[in-house]
1. Within the range 29-44, which residues are open to solvent by 70 Å² or more (accessible area, probe 1.4 Å) and in contact (Cβ under 8 Å) with a residue 40 or more places away in the chain?
2. For the structure I just gave you, tell me whether Val140 is open to solvent by 10 Å² or more (accessible area, probe 1.4 Å), closer than 19 Å to Lys108 by Cα and not in a strand (DSSP E or B).
3. Could you tell me whether the range 160-181 includes any residue that is free of Cβ contacts under 8 Å to residues at least 40 places away in the same chain and open to solvent by 10 Å² or more (accessible area, probe 1.4 Å)?
4. Criterion first (surrounded by 19 or more Cβ atoms within 10 Å (Cβ to Cβ), modelled with pLDDT of 95 or more and small (Gly, Ala, Ser)) does Ser268 satisfy it?
5. In the range 42-63, how many residues are within 13 Å of Leu118 (Cβ to Cβ) and at pLDDT below 95?
6. Return yes or no: is Thr66 among the β-branched types (Val, Ile, Thr), at pLDDT below 95 and either outside any helix (DSSP H, G or I) or under 20 Å from Val197 (Cβ atoms) (or both)?
7. Return the residue satisfying two criteria in turn: it lies in the range 216-243 and is open to solvent by 10 Å² or more (accessible area, probe 1.4 Å) and among the hydrophobic types (A, V, I, L, M, F, W, C), and of such residues it is farthest from the chain's Cα centre (by Cα).
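The values are calculated or read from the model by the stated rules, or taken from the named source; none is laboratory data. The shown structure was predicted, so the numbers you read here are calculated from the model rather than taken from an experiment. Cβ: placed from backbone, ideal geometry, glycine included. Neighbour counts: every protein chain shown. All accessible areas refer to the heavy atoms of the entire protein, side chains included, with ligands and DNA or RNA removed. Shrake-Rupley method; radii C 1.70, N 1.55, O 1.52, S 1.80 Å.
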Amino acid sequence: MHYSSLSCIQKKIHNICRAQICASHELERQFSPSQWSHRMSADDVIKSHVTALKEGTERARGLAQTLLNVPYGEGEGEKLDVYVPTTTSLDVPLVIYLHGGYWQFLSKEESGFMAVPLVHKGVVVVAVGYDIAPKGNMDVMVSQVRRSVVSVIQQYSHISGLYLCGHSAGAHLAAMILSTDWSQYSVTPQIKGAFLVSGIYDLLPILSTYVNEPLKMTEEVALRNSPSQLVPQLKLSSSNCDIVVAVAQNDSPEFRKQSEDYYKALESTEGLKVTLEDVPNTDHFNIIEQLVDGDYHLTQLLLKMMGKS
């Protein structure tokens, strides 16, 4: 082989490798929500997010009657925090909140913030704890949140309606709850409504990113835990549920695509009730932080869904 031919081949290999590295970097960026906020730097938006959730949760604990660390299973992390309104009515709606944090960050300890406007309206809020990675893997977390719903129904059988709200990784987990084959459980929850906020519904694209390092998902694990693959089961289990797929204006293009694609998959399935909410002037973080505010668009939608507006 001529030196010039060898040089040409090496150059092509170099260009291919460089293109692959660029594509990998771009995928990492697409799945780094903090890189897309227009309000502040990546580090600052995460710090601000945690502060906002903690402060909101502290406010909620001052306003509501609380039952903290209620077990829903035998595991150390299988606990609920319950925010109860001061109402004499037994016939109250209940919202289960599933926190985000890429299945490896945050906890129920800063997840009671949405109770601030809701307890005033006579709504119970339940924040679910689950074993984030590396302690928990994806199969474990999905199993835990499903069992948390069963436990809530068994403990609060008098509620007028059960609703879900999940953010980011929590929106994924909420979608997995909607896609549960309940024949394997002792009860079949009648979930009236679900708010899926800036979620991930197809796990395959994150396999090669930093997100998967503590999760260690294989392709098989990612497929069986991708709500986008489970729409037929969702139709069987949750056809009576009003589903809101919400996405932030300043979510990354890939996050927006995840919400739009999942919405289209549900919307094209006969018998499902689903709407897409593209929330203006929000990013991946303040789209959920603002649920502390009773006048916020998504809070108003949730209250309307529950007949509490």
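1. Arg29, Gln35, His38, Arg39, listed by residue number.
2. yes
3. no
4. no
5. 1
6. So Thr66 does not fit the description; no.
7. Leu236
One line per residue, one yes/no per condition, for (1) of a type outside the set (A, V, I, L, M); (2) closer than 16 Å to Ala174 by Cα:
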| residue | (1), (2) |
| --- | --- |
| Val231 | no, yes |
| Ser237 | yes, yes |
| Val245 | no, yes |
| Asn250 | yes, no |
| Glu270 | yes, no |
| Pro280 | yes, no |
